[in-house]
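Notes follow the structure.
The values are calculated or read from the model by the stated rules, or taken from the named source; none is laboratory data. What you see is a predicted model, and the numbers here were worked out from it, not measured in a lab. Reconstructed Cβ throughout: ideal geometry from the backbone, glycine too, with neighbour counts over all protein chains shown. Each accessible area value is taken on the protein alone, full model and side chains, heavy atoms only, with ligands, DNA and RNA left out. Shrake-Rupley method; radii C 1.70, N 1.55, O 1.52, S 1.80 Å.
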Amino acid sequence: MASAPIREVTVLGAGVMGAAIAAHLGNAGLRVRLLDIVPKDAPPPGGDRRARNKIALAGLEAARKAKPAAFFSPRFQTLVTAGNLEDDLEEAAANSDVIIEAIVENLSIKQKLYARLDGYGGGAIVTSNTSGLRIADLMQGRSAGFRSRFCITHFFNPPRYLKLVEIVAGPDTAPETLARAEALCGGLLGKGLVRAKDTPNFIANRIGTFALMRTLDEAVKQGYTVEEVDLVFGPATGRPKSAVFRTADVVGLDTLVHVTRNCADALPNDERRDVFNPPAVLTQLVDRKWLGQKTKQGFYKKVGDDILQLDLKTLEYGPQKKPRFDSIGATRGVDDVDEKLRRVVAGSDRAAALARTVLYETLIYSANRLGEIADGIADIDRALRWGFGWERGPFETWDALGVKATAQKMEAAGYTVPGWVLEQIAAQGEGMRFYRTEAPGQRAQLGGRGGYTPVPENPRQIVLDAVRARGGEVERNGSASILDLGDGVFCLEYHAKMNAIDPDIVAMTMKAVDRAERDGVALVIGNDSAEAFCAGANLFALMVALGSGQTQAIEAMVVGFQNACNRTRQARVPVVAAPAGLALGGGAEVIMGCQTVRAAAELYVGCVEVGVGLIPAGGGCMEMAARASARASDDPQFDMLSLVRGPYLTLATARVATSAEEARDLGFLRQGDSVSMARETLIADAKDLALGLARAGYRPPPPRAIRVIGETGAATLRAALHNLEGAHQISPHDAKIGAHLARAISGGSVPAGATVTEQHMLDLEREAFLSLCGEPKTRDRIQHMLSKGKPLRN
């Protein structure tokens with residue numbers, strides 16, 4: 001069973017989670033059935049299928065329209081078909097490789113559905129997306145065969161974006177079933193898997209809900225505002241920007257009440273059971289149907305352009321007041337998460353007091369759960385990082401604060417530190433840690449009975465810091481490094497702030513290609529941890545140069561970047577870009593400058609230069625024109641403008657693709673470029689791809705003759721700009737930028753249909769870029785982006 005390929009999956013339940021899971025299965029290229037109940041007013045069996053499938057069709061339509069997008073691209077929507085549980089369940093049981101149940105969280109209804117599936121037989125494994133019901137209860141009355149093919153696969157919402165899937169096995173779950181579930185969720189979907197025990201709400205919801213409810217209770221008791229709480233438990237303490245109350249609004253306050261009540265009801269022996277009793281403010285919000293994002297008001301409410309916060313005592317909405325705390329201010333400019341945690345907790349203000357109270361109690365509660373909800377601390381930490389977006393899990397947080405010193409502060413504050421933690425402190429002393437490094441790239445975790453065991457890692461993952469620790473870094477400057485990945489493959493890694501393009505990155509690009517050609521067989525460009533592959537050019541350096549009138553220096557920077565992109569494009573060995581996360585402006589041009597790309601599925605790429613009053617000048621315009629030219633017919637009368645208009649609009653509107661597949665649709669990736677669902681295997685996947693190309697006898701492509709739309713096509717594009725300006729949809733400066741872009745992508749002053757060289761196109765880009773640099777309104781846009789972090793429309 002474990003080795004057979006998974007091709008077809010059925011999802012039962014077309015609600016928010018079921019439809020989103022189905023969409024993401026489609027993203028992985030699987031054929032998916034999405035089934036739900038038949039509406040009460042539907043025709044009888046054999047009648048209008050669309051009417052009988054109405055509920056599933058509505059769920060699928062909601063997934064199609066979801067924001068953020070559930071599908072990578074509209075192309076994948078065709079892989080998901082809708083049906084119903086009366087007409088299609090038996091066929092699904094017979095033909096599916098995996099069946100995922102995601103119906104209403106009601107034990108009796110789930111049991112009845114399982115009874116039907118049990119009666120149909122079949123070889124599919126059956127999993128439940130339950131958020132907290134126990135297998136022991138779900139499997140009552142089921143056959144031994146069905147119990148052996150059943151487990152829990154608990155996805156987190158939204159399933160495309162949150163990495164965590166909790167895998168829970170029952171006493172009768174066959175090893176082959178678990179292997180199959182892990183092959184689907186980990187292998188095909190690229191999720192982070194943790195093994196949870198069969199306990200209420202498993203790992204992430206148990207700990208995360210405890211922390212959230214304890215925070216809410218403390219806020220009400222001590223008079224903290226919604227805004228103050230989210231300031232404390234946001235990025236300053238390694239939590240997501242949505243923090244506490246924005247997260248609750250996104251999840252849905254009714255869902256939160258359901259989860260927390262499930263804990264309160266199902267955990268009679270939990271020493272902190274009282275924390276899970278929903279406070280009055282939460283139940284009152286649910287009673288009023290103020291459920292958060294789905295009802296447009298919860299702890300926050302948007303009114304016009306303003307976002308109001310709820311007063312936790314009066315339940316009235318009021319303006320945010322932008323509170324300031326010294327302990328939070330101490331984290332500004334600090335990138336290291338551990339250091340930020342230490343600074344906040346060491347503070348003496350109200351923010352620090354709240355942080356200490358909630359953190360101390362969450363750490364203690366987590367330590368008391370070891371062995372109950374998970375066998376290892378790494379599973380608990382990963383569940384909170386991958387499911388709730390925490391940058392540090394509870395035990396990683398304790399390590400960051402200092403285990404012994406924090407335990408002493410906890411006791412001084414009147415808390416009871418778990419006995420097993422005190423035993424380990426007594427045994428290990430000041431140096432006691434929950435994690436330690438055994439070898440480069442290999443962490444070990446402390447067990448509840450002492451002793452360290454390796455933290456399981458994906459065997460295919462290449463950790464660049466581990467390569468570095470083994471002496472694999474062969475060259476380094478302030479912004480980039482070259483690492484030897486073995487087998488003749490080198491890696492160019494950026495490590496500047498946001499990996500912005502600067503002279504050091506340009507210089508190291510040249511050296512990396514030289515080294516790969518001289519000493520190896522291939523080069524990969526990528527990193528394994530940063531949020532940004534490359535966020536564009538270093539705008540601050542550009543603004544400094546503009547302010548001091550260094551026009552020649554700016555031109556030299558542009559030429560240097562163009563040359564670097566040309567070097568990767570024309571290298572005698574394969575150069576594989578491995579982008580993940582943000583790839584904006586120059587970052588997009590780095591990608592387009594490589595002959596082959598292995599992208600992470602979650603790639604956000606676009607040439608956004610117009611937002612700062614410029615145009616792409618590292619080959620972005622040239623590449624878009626060249627790719628359009630490659631798709632053109634040999635017919636001299638072929639309408640080239642029809643192929644160029646789309647790329648022009650993509651660049652002119654600074655459109656950013658929200659996935660690697662959408663990047664393919666927009667032309668940033670080629671049809672032959674490939675995608676990795678799992679971020680952690682991206683570098684390894686890119687290395688394998690590069691090796692394959694090298695072993696197949698890679699040869700660099702010849703320079704391209706680019707067929708362009710010429711002056712006539714540029715005039716058509718400018719006419720559209722004139723109309724938009726006349727209708728006051730764009731500003732005069734927008735029109736000026738658009739005209740420069742039209743000239744650069746059209747090939748300049750040549751006839752329509754003429755062919756030009758790559759260098760000709762690069763020269764046009766550079767001329768336009770330098771001309772726009774001389775515009776005061778462009779300088780205003782750059783300054784505004786640097787100071788405000790968002791574009792200026794002027």
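Can you pull the accessible area of SER731 for me, 1.4 Å probe, Å² to the nearest 10?
Roughly 20 Å² of SER731 is accessible to a 1.4 Å probe.
Taking mean projected area of the Cα convex hull in nm² as the quantity of interest, determine which of (i) 37.0; (ii) 46.8; (iii) 48.6 was computed from the displayed structure.
(i)
What does the charge count around GLU725 come to, taking other residues whose C-beta lies under 12 Å from its C-beta (Lys +1, Arg +1, Asp -1, Glu -1)?
Value of the local net charge: +1.
Of the options PRO45, LEU34, ALA69, report the single residue whose Cα projects farthest towards the positive end of the charge dipole of the stretch 29-91 (beta-carbon charges: Lys, Arg +1; Asp, Glu -1).
Final value for the positive-end residue is ALA69.
Straight-line reach from LYS404: which lysines have a Cα under 22 Å away, not including same-chain ones fewer than 8 places off?
LYS340
Taking K and R as +1 and D and E as -1, what net charge do the other residues with C-beta under 15 Å from the C-beta of LYS65 add up to?
+3
Could you please put HIS495, HIS722, HIS154 in sequence from largest to smallest accessible area, using a 1.4 Å probe?
Greatest to least solvent exposure: HIS722, HIS495, HIS154.
Rounded to a whole number, what % of the accessible area of the stretch 45-111 do carbon and sulfur atoms account for, probe 1.4 Å?
Looking at the stretch 45-111 in its full context, I get 55 percent from C and S.
Taking Cα centroids, how far is the stretch 182-253 from the stretch 525-540 in Å?
The stretch 182-253 and the stretch 525-540 have Cα centres spaced 28 Å from each other.
Taking θ = phi - 60°, what integer Hz values does the Karplus form 6.51 cos²θ - 1.76 cosθ + 1.60 yield along the stretch 60-66, in sequence order, with x for Gly and Pro?
Residue by residue, the stretch 60-66 yields 5, 5, 5, 5, 5, 9, 4 Hz.
Ordering MET510, MET410 by accessible area with a probe of 1.4 Å, largest first, what comes out?
The ordering from most to least exposed comes out as MET510, MET410.
Using unit Cβ charges (K, R positive; D, E negative) and no other charged atoms, how large, in debye to the nearest 20, is the dipole of the chain about its Cα centre?
760
So which aspartates and glutamates pass the test for LYS321, namely a Cα distance under 17 Å, with those fewer than 8 places away in the same chain ruled out?
Of all the aspartates and glutamates, those that pass the test against LYS321 - Cα under 17 Å, at least 8 places apart if same chain - are GLU227, GLU228, ASP230, ASP305, ASP306, ASP311.
Can you grab the distance from the C-alpha centre of the stretch 723-794 to the C-alpha centre of the stretch 457-509, Å, no decimals?
34
Return one whole number: the accessible area per residue of the chain in Å², for a 1.4 Å probe.
Value for the chain: 41 Å² per residue.
Under unit Cβ charges (Lys, Arg +1; Asp, Glu -1), what dipole magnitude, rounded to 20 debye, does the stretch 567-658 have relative to its Cα centre?
Using Cβ point charges on Lys, Arg, Asp and Glu, the stretch 567-658 gives about 260 debye.
Roughly how far apart, in whole Å, are the Cα centres of the stretch 577-623 and the stretch 659-695?
14
Considering the dipole of the chain built from charges on the beta carbon (Lys and Arg +1, Asp and Glu -1) around the Cα centre, which of ALA714, LEU308, GLY347 is farthest to its positive end?
LEU308
Give the relative contact order (percent, whole number) for the chain; include only Cα pairs under 8 Å separated by 6+ residues.
Value for the chain: 8 percent.
Could you please report the charge total around GLY620, scoring K, R as +1 and D, E as -1 over all other residues with beta-carbon less than 13 angstrom from its beta-carbon?
-1
Could you tell me what % of all Cα pairs in the stretch 425-483 have separations over 14 Å?
Within the stretch 425-483, distances greater than 14 Å cover 65 percent of Cα pairs.
Working with all protein chains in place, sort GLU8, GLU555 by solvent-accessible area computed with a 1.4 Å probe, largest first.
Ranked list, largest accessible area first: GLU555, GLU8.
Please calculate the 1.4 Å probe accessible area of ASP519, with all protein chains present, and give it to the nearest 10 Å².
ASP519 exposes around 80 Å² with every protein chain in place.
Which entries in the list LYS241/LYS777; LYS40/LYS112; LYS241/LYS322; LYS67/LYS301; LYS511/LYS687; LYS67/LYS112 go over 23 Å, if you measure between the two C-alpha atoms of each?
LYS241/LYS777; LYS67/LYS112
How much accessible surface does LEU649 have with a 1.4 Å probe, in Å² rounded to 10?
90
So for the chain, taking the charge dipole from beta-carbon charges (+1 Lys/Arg, -1 Asp/Glu), which of ALA330, PRO579, ILE591 sits furthest toward the positive end?
Of the options given, the answer is ALA330.
Convert each backbone phi in the stretch 350-366 into a coupling constant with the Karplus relation 6.51 cos²θ - 1.76 cosθ + 1.60 (shift: θ = phi - 60°), then list the ³J(HN,Hα) values in order as whole Hz, x for Gly and Pro.
5, 5, 5, 4, 5, 4, 4, 4, 6, 5, 4, 5, 5, 5, 5, 4, 5
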